Amino acid sequence: MEMSGSLILIFAALFLSSCAALGLPANIARVADEEVEYFVRAEARKILSVTENANKADLYQFHLASLRSGEVGGLDSTGQSVGNYQIYIDDEWARRALRDGGYPHALRMTLAREIAHDIAGDALNQQALARTFLLGRAIGQGISFVPGPAGAAGRITSTVFGLIGYVTADIYNRSADLEADRKAIEYWKRLGWDCRVWVHMFNSDLDSNETKAYHDPTEEHLEQAMELCPSLLDEERELVESRIAEQRTKREEK
């Protein structure tokens, strides 16, 4: 009975700590800047007007936060959808879009992508998926304290759940990101904005990913953007395709 009670306490502690970690995005500290917030909302409403959630535009809330500082759970991004129509935008990214003529499209890309993530329910799906694997892992870790074969099985179960959870999350995130970009580019096209901006952005990102081995998700995003952007000139397309082939050759030679 005493062992059973201890297992329950261990399981509860592990599961609660896992859920607390998953709940981090909801606790992102906001940055107050009324002028920038108004600008972000105005840009977001343009995009929302051509989405599947156009009739739910009033439900959306856009918050500013220091997402690129790494202080928020290690985040280093320009935007973060946390589900339930709540989207956070990096305050410096938005401020530069407002005050620097070269950045409005960069902010619009972030907004379109995060709105697409929200519409798809990616944040909530990711949290549910993570909780499933964390629950299995927590149960395995709890059983691992039992002496004998049951404890050994618990340790194996915990490890297996951890590995499967890691691989599944990676596959899901890559698929969700690609789908979000696809929808975001479609929104741009409906608004009459130049979709070549997406191609040029991903193309420039290749420079920062040259050292990656085996796989570079930037290439998938770039190829998808080229496929979805018919206005891309033939010479631009040929140049980008050549760069992608060169990057893949470099990785294969490593």
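The values are calculated or read from the model by the stated rules, or taken from the named source; none is laboratory data. Values in this document were obtained by computation on a predicted structure and should not be read as measured data. A quick note on method: Cβ atoms are made from the backbone with ideal geometry, for glycine too, and the neighbour counts reach across all protein chains shown. For accessibility, only protein heavy atoms count, side chains too; no ligands or nucleic acids. Shrake-Rupley method; radii C 1.70, N 1.55, O 1.52, S 1.80 Å.
Taken across the stretch 207-228, residues that are modelled with pLDDT of 80 or more, surrounded by 16 or more Cβ atoms within 10 Å (Cβ to Cβ), within 20 Å of GLN80 (Cβ to Cβ) and in contact with a helix residue (DSSP H, G or I) (Cβ under 7 Å, 6 or more places away or on another chain) do occur, with at least one present. Residues that are on the phi < 0 side of the Ramachandran plot, modelled with pLDDT under 65 and of a type in the set (Phe, Trp, Tyr) do occur in the stretch 127-141. Listed by position, the strands (runs of 3 or more DSSP E) contained in the stretch 6-124 that have at least 1 residues being under 24 Å from ALA176 (Cα atoms), modelled with pLDDT of 95 or more and open to solvent by less than 40 Å² (accessible area, probe 1.4 Å) are 61-65.
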